[in-house]
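The values are calculated or read from the model by the stated rules, or taken from the named source; none is laboratory data. Since this is a predicted model, take the numbers as computed values, not measurements. Glycine also receives a Cβ, built like all others from the backbone with ideal geometry; neighbour counts cover every protein chain displayed.
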Amino acid sequence: MSSIPFNQRLRQVCRARDSLLCVGLDPDPDRLPAILRGDILAFNRAIIEATSPFAAAFKLNAAFYEALGSKGWAVLEATVAAIPNDLLKIYDAKRADIGNSARFYARSAFAILGADAVTANPYMGHDAVAPFLEDPARGAFLLCLTSNPGASDLQYVSSEGRRLYEHVALLARSWNERDNLGLVVGATHPEPLETLRSLVPELPFLVPGIGVQGGPIDRVVPAAVDSEGLGAIFNVSRSILYASGGPDFAEAAAKAAESFRNQINRYRGR
């Protein structure tokens, strides 16, 4: 495992791969190609092999594996193991709990699963996030401004002249003592993205919501990246995974991943 702080490694990987694309491995059993006969692991491995030339990272949403029951963890472990070691592995579990419980969540994500980073919820405060930040080489992305419609229920609440998502960003800056903390900021909010980038220019963003959710790439990418055209990775799941439902699903996924990689690069100034 690298001793380089996670945020620095993220920049290195994005430079080396000339890509800010993160492929979301969220396998829906009902949408798998018939040729695979429901074999999720085979699907994931094929997608990884096909899309890894165009990606900097893969993100695995815990829900799709937990829904498989007792075999889900084995599929999750085998999927993580199939991702090339020069790419980042993000466990999208949105964890947070009291410090003692969070310590075991961190152990599960990092020591057992082998993830490079995990998504975490800031609502319970610093002690619930701190266990994910103890090892500088492992990172966490705090939920800041999410891409779903319900984000406005809490995240836009104003206090002391700032929105709640701005308070989260400033807290993340103060908690980022080991250079391994970033923010989840949805692509469905281009204008707040610009605000957050100016507020915390040094923090990396994990940006979901382009593709099926409709985040406009031409507005989102310039708003999210830093002055070097780095500092953000853009997650795409369904638009890549299900680019085709036929026997050519892997080839179609590769073409979709390449297209998204190229579009992102175009708008980040590459």
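From the list 198, 259, 227, 239, pick out the single residue that is more than 28 Å from residue 44 (Cα to Cα), of a type in the set (Ser, Thr, Tyr) and assigned to a helix (DSSP H, G or I).
None of the other options fit; the residue is 198.
Hey, could you check region 72-122 for residues that are in contact with a Ser or Thr (Cβ under 6 Å, 6 or more places away or on another chain) and part of a strand (DSSP E or B) and say which is surrounded by the most Cβ atoms within 10 Å (Cβ to Cβ)?
92
Consider residue 40 carefully, then state whether it is farther than 27 Å from residue 110 by Cβ, out of contact with any Asp or Glu (no Cβ under 7 Å at 6 or more places or on another chain) and among the hydrophobic types (A, V, I, L, M, F, W, C).
No: the conditions fail for residue 40.
Out of the residues in region 90-105 meeting the condition of being touching an Asp or Glu at 6+ places or on another chain (Cβ under 8 Å) and more than 18 Å from residue 65 (Cα to Cα), tell me which one is modelled with the highest pLDDT.
102
In the set 130, 151, 172, which member is free of Cβ contacts under 8 Å to residues at least 60 places away in the same chain, more than 17 Å from residue 193 (Cβ to Cβ) and assigned to a helix (DSSP H, G or I)? Let's see the steps before the verdict.
Numbers: 151 fails: more than 17 Å from residue 193 (Cβ to Cβ); 172 fails: more than 17 Å from residue 193 (Cβ to Cβ).
Exactly one residue qualifies, and that residue is 130.
Select from region 8-42 the residues that are in contact with a Pro (Cβ under 7 Å, 6 or more places away or on another chain) and without any contact (Cβ under 8 Å) to a residue 40 or more places away in the chain and write down the one among them that is surrounded by the most Cβ atoms within 10 Å (Cβ to Cβ).
The selected residue is 40.
Would you mind telling me which numbered condition in (1) more than 15 Å from the chain's Cα centre (by Cα); (2) of a type in the set (A, V, I, L, M, F, W, C); (3) not in a helix (DSSP H, G or I) residue 184 fails?
(1)
Looking at residue 55, is it free of Cβ contacts under 8 Å to residues at least 60 places away in the same chain and among the hydrophobic types (A, V, I, L, M, F, W, C)?
no
Name the single residue, out of those in region 123-158 being surrounded by fewer than 17 Cβ atoms within 10 Å (Cβ to Cβ) and farther than 29 Å from residue 100 by Cβ, that is modelled with the highest pLDDT.
158
If residue 245 passes every condition in (1) buried (at least 20 other Cβ atoms within 10 Å of the Cβ); (2) more than 25 Å from residue 119 (Cα to Cα) but one, which one does it miss?
(1)
Filter region 175-202 for residues that are surrounded by fewer than 17 Cβ atoms within 10 Å (Cβ to Cβ), within 19 Å of residue 126 (Cα to Cα) and without any contact (Cβ under 8 Å) to a residue 60 or more places away in the chain and give the result.
The answer is 177, and nothing else.
Considering each residue of region 215-224, count those that are surrounded by fewer than 22 Cβ atoms within 10 Å (Cβ to Cβ) and within 17 Å of the chain's Cα centre (by Cα), and give that number.
1
Got at least one residue in region 49-62 being in a helix (DSSP H, G or I), at pLDDT 95 or above and within 30 Å of residue 127 (Cα to Cα)?
Yes.
Might you let me know whether region 34-51 holds any residue that is touching a Ser or Thr at 6+ places or on another chain (Cβ under 6 Å) and of a type in the set (Gly, Ala, Ser)?
No, every residue in region 34-51 fails to be touching a Ser or Thr at 6+ places or on another chain (Cβ under 6 Å) and of a type in the set (Gly, Ala, Ser).
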